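This report refers to the structure that appears directly beneath it.
The values are calculated or read from the model by the stated rules, or taken from the named source; none is laboratory data. Only a predicted model underlies this, so the values are computations on that prediction, with no experimental measurement involved. When we count neighbours, we look across all protein chains shown, and the Cβ atoms used for this are built from the backbone with ideal geometry, even at glycine. When the accessible area is computed, the model is the full protein with side chains, heavy atoms only, and any ligands, DNA or RNA have been set aside. Shrake-Rupley method; radii C 1.70, N 1.55, O 1.52, S 1.80 Å.
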Amino acid sequence: MRRFLDRLYWGAGVLAAASLAAIFVIMMAQSLGREAGLVLSGADDIVSWLCAACAFLALGHTFRAGDLVRVGVFLDRLGPRLRWYGEIYALGFTAIFTAYMLWAVCRFVYLSWEFKEVAQGMIKVPIWIPQMSLVIGMAIFFVAVLDDLILVVKKQKPSYQVAEEARAASGDFSETV
């Protein structure tokens, strides 16, 4: 199971990076096309969908890597026992909030599908298709939060703490700058 979850988080991170690279390619093509007198119709639509995909698909991966903003400033000041309770509280609250967000995003996309909503821009596509990146990204983030919550309840270090310690051990303090 651990192997599957790690690959899931990594794969979502790769998709987010690919979305970011695709944004670059499309924007460069637009710029070069403008100079050549060519118009890439619908490029703005695609870039906006890729921006959402990039942001949401990266959530689980960045959380597990310790790159999301957390309450570590407070937790680091606590002793081991209080930190354990603090981690459970923080991860539990995050799990509840993330579950609500997942439900809300699913409902949002479902309503787009149910009402057969079509994108308003140049590209006429059912809007639920590009919106699915929100659902997938939130689902992966929810799983990542639950994954770390289970680790902490089992009195193991959460993934983000392990990642931070590994960076510090290798002499990488770039996140503290």
Exercise. Identify, by number, the condition in (1) open to solvent by less than 30 Å² (accessible area, probe 1.4 Å); (2) farther than 30 Å from Ala166 by Cβ that Tyr110 doesn't meet.
Key: (1)
Quiz item: Residues Arg2, Arg64: which one is open to solvent by less than 50 Å² (accessible area, probe 1.4 Å) and charged (D, E, K, R)?
Solution: Arg64
Quiz item: Out of all the residues in segment 135-161, which are over 19 Å from the mean Cα position of the chain (by Cα) and in a helix (DSSP H, G or I)?
Solution: Ile150, Leu151, Val152, Val153
Quiz item: What are the pairs, 6+ residues apart or on separate chains, where a residue within segment 149-168 that is more than 14 Å from Asp67 (Cβ to Cβ) and touching a residue at least 40 places away in the same chain (Cβ under 8 Å) has its Cβ under 8 Å from a residue that is surrounded by fewer than 16 Cβ atoms within 10 Å (Cβ to Cβ) and not hydrophobic (A, V, I, L, M, F, W, C)?
Solution: Leu149/Gly92
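Tell me the residue from Asp76, Asp148 that is open to solvent by 40 Å² or more (accessible area, probe 1.4 Å) and of a type outside the set (Ser, Thr, Tyr), please. Steps first, answer last, please.
Values: Asp148 fails: open to solvent by 40 Å² or more (accessible area, probe 1.4 Å).
It is Asp76.
Residues in segment 92-102 that are over 16 Å from the mean Cα position of the chain (by Cα) and surrounded by 12 or more Cβ atoms within 10 Å (Cβ to Cβ): how many? Before the answer, list the steps.
Restricting attention to segment 92-102, the residues satisfying the condition of being over 16 Å from the mean Cα position of the chain (by Cα) are 92-93, 96.
Restricting the remaining residues to those that are surrounded by 12 or more Cβ atoms within 10 Å (Cβ to Cβ) gives 92-93.
So the answer is 2.
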